[in-house]
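**Student:** Submitted below is the structure of interest, expressed as C-alpha cells.
The values are calculated or read from the model by the stated rules, or taken from the named source; none is laboratory data. Since we're looking at a predicted model, the values are computed, not measured. A quick note on method: Cβ atoms are made from the backbone with ideal geometry, for glycine too, and the neighbour counts reach across all protein chains shown. To get the accessible areas, we keep the full protein, side chains included, count just its heavy atoms, and leave off ligands, DNA and RNA. Shrake-Rupley method; radii C 1.70, N 1.55, O 1.52, S 1.80 Å.
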Amino acid sequence: MSADLLLATSAAWLDGEPGHGHLDAALDRAGISARWAVWDDERVDWAGSLVAVRATWDYDGRLAEFLTWARSVPRLLNGADAFAWNTDKIYLVQLADAGVSVVPTLVVDGEESLPAAIAEFGSTVVKPRVGAGGRGVVVFDGVDGGPPGLDESMLGPGPWVVQPLVASVRTEGEGSVFVLDGAVVSAARKRPAAREIRVHEQYGGSTVAVTVTEEAAGLARRTVAAAEELIGHRLDYARVDHLRLADGSLAVSELEITEPGLYLDELPGNGAAFAALVRRRLDE
C-alpha cells in the first residue's frame, strides 16, 4: 500500500505514538496519505514515500541495525547523519563546546574513570551514552538503596555520560520546547513521581502543556542552530529539553531529533504543525 508519508514506529507501538490520532487527523486534513510502519519490517517499501521517524523506541539496543536501516531510506526527515550524531549522548559535550548552555556532562568510557567523574559533581546521574526511555539511568548520591531502578547497584555496562543531579528536576521539572521547520511551536513541562528523576510516564511522570517563554524559546533556537552547524544541514524537527540550574539559568538536558515524542495528548496542535511541515516537504 503506497502512501505519501510513512511514520516509522516499533513493534511495541504498532498503532503509533501516544495521542497519534491527533497527528493522523491533521495529516488527513492536510491531504496527506499516511500510515504507520514498523522500522524493521522487511515487507515495507520505504523507498516509495517520505519517511518520518516517530516511535522507534527500541533503537537503543539495536543502534547499528537502526542506523543501517535509516541510511537505506531515500527520503528521511532529519536524516541518518543526524540520527547517528544524536543517538550518542556525547553530542551534549559538542553542543557545550559550541557555546550552548548544557547540563555539565562528562564522558566516561571505563569503570576505572567513573569514581573521579562522580566525585566531580557529588550527587550524580549516570546514563548510558546510547539510551532511550530513561533506561539504564542510575543515581550516585552516597545513599544505599535508592529509588527502585535508579540505585547505583543497577549500573549497566559503559560507556556512559556523567552529569550532576539537577535538583530542580524534582521541583520545577524538565521543560520541552518543540521546534518544527525552524519555528518554535509549543512547550510542555514534565515532572517525575516522588523519589524519581525520570519524567517518563512509565515511571510515574506527568506532562502538561505550558506557555512558551522567551527564555526557553531562545535556548531552543540556539540549540537547534548549533546542532545544524555541527551536522551540516537543516533539521526538520527537534525537541529541546531543559532544566534550571542552581544559578537560575536554563540548560539543555537533551536534544531529541531522532524520535522525539510529540506529547500529542497534551499538545494536540503539534499534530497540525507536524502535518504542515510534511506538506511543505512533499511540495518541495
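**Student:** Take the range 206-217 and flag every residue that is in contact with a strand residue (DSSP E or B) (Cβ under 9 Å, 6 or more places away or on another chain) and either within 27 Å of VAL93 (Cα to Cα) or touching a residue at least 40 places away in the same chain (Cβ under 8 Å) (or both).
**Tutor:** THR207, VAL208, ALA209, VAL212, THR213, GLU215, ALA216, ALA217
**Student:** Determine which single condition VAL199 fails, assuming it passes every other condition in (1) at pLDDT 95 or above; (2) β-branched (Val, Ile, Thr); (3) open to solvent by less than 40 Å² (accessible area, probe 1.4 Å); (4) not in a helix (DSSP H, G or I).
**Tutor:** The single condition VAL199 does not satisfy is (1).
**Student:** Are any residues in the range 93-110 on the phi < 0 side of the Ramachandran plot and open to solvent by 50 Å² or more (accessible area, probe 1.4 Å), and if so, which ones?
**Tutor:** If the condition is that a residue be on the phi < 0 side of the Ramachandran plot and open to solvent by 50 Å² or more (accessible area, probe 1.4 Å), then GLN94, ASP97, ALA98, PRO104, LEU106, VAL107, ASP109 are the ones that fit.
**Student:** Does LEU7 satisfy being open to solvent by less than 40 Å² (accessible area, probe 1.4 Å) and either part of a loop (DSSP other than H, G, I, E, B) or under 25 Å from HIS200 (Cα atoms) (or both)?
**Tutor:** yes
**Student:** Looking for whichever is over 30 Å from ALA276 (Cβ atoms), touching a Lys or Arg at 6+ places or on another chain (Cβ under 7 Å), open to solvent by less than 60 Å² (accessible area, probe 1.4 Å) and not basic (Lys, Arg) here; the options are SER113, SER168, SER176. Which one fits?
**Tutor:** SER168
**Student:** A further question follows. Looking only at the range 132-153, decide whether some residue is surrounded by fewer than 18 Cβ atoms within 10 Å (Cβ to Cβ) and within 27 Å of GLY218 (Cα to Cα).
**Tutor:** Yes: one or more hits.
**Student:** Related question: Name the residues in the range 46-73 that are touching a strand residue (DSSP E or B) at 6+ places or on another chain (Cβ under 9 Å), among the charged types (D, E, K, R) and free of Cβ contacts under 8 Å to residues at least 40 places away in the same chain, would you?
**Tutor:** Residues satisfying the conditions do not exist here.
**Student:** Confirm whether ASP45 is at negative phi, touching a helix residue (DSSP H, G or I) at 6+ places or on another chain (Cβ under 7 Å) and of a type in the set (D, E, K, R).
**Tutor:** It is false that ASP45 is at negative phi, touching a helix residue (DSSP H, G or I) at 6+ places or on another chain (Cβ under 7 Å) and of a type in the set (D, E, K, R).
**Student:** Which members of the range 43-61 meet the condition of being surrounded by fewer than 16 Cβ atoms within 10 Å (Cβ to Cβ) and modelled with pLDDT of 95 or more?
**Tutor:** ARG43, ASP45, ALA47
**Student:** Is there any pair with a first residue in the range 218-240 that is within 16 Å of LEU77 (Cβ to Cβ) and a second that is hydroxyl-bearing (Ser, Thr, Tyr) whose Cβ atoms are under 7 Å apart and which are 6 or more apart or on different chains, and what are they?
**Tutor:** From the range 218-240, the pairs are ARG239/SER176.
**Student:** Within the bounds of the range 123-130, is there any residue that is buried (at least 17 other Cβ atoms within 10 Å of the Cβ), closer than 26 Å to ALA276 by Cα and basic (Lys, Arg)?
**Tutor:** no
**Student:** Still on this structure: Scan the range 155-165 for residues that are surrounded by fewer than 21 Cβ atoms within 10 Å (Cβ to Cβ), touching a strand residue (DSSP E or B) at 6+ places or on another chain (Cβ under 7 Å) and closer than 22 Å to THR87 by Cβ and jot them down.
**Tutor:** LEU155, GLY156, GLY158, PRO159, listed by residue number.
**Student:** Does THR68 count as within 28 Å of PHE140 (Cα to Cα) and either open to solvent by less than 10 Å² (accessible area, probe 1.4 Å) or modelled with pLDDT of 95 or more (or both)?
**Tutor:** No, not satisfied.
To keep it simple, each residue is scored yes or no on (1) open to solvent by less than 40 Å² (accessible area, probe 1.4 Å); (2) within 17 Å of the chain's Cα centre (by Cα).
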| residue | (1), (2) |
| --- | --- |
| ARG221 | no, yes |
| ALA225 | no, yes |
| THR258 | yes, yes |
| ASN270 | yes, yes |
| PHE274 | yes, yes |
| ARG279 | no, no |
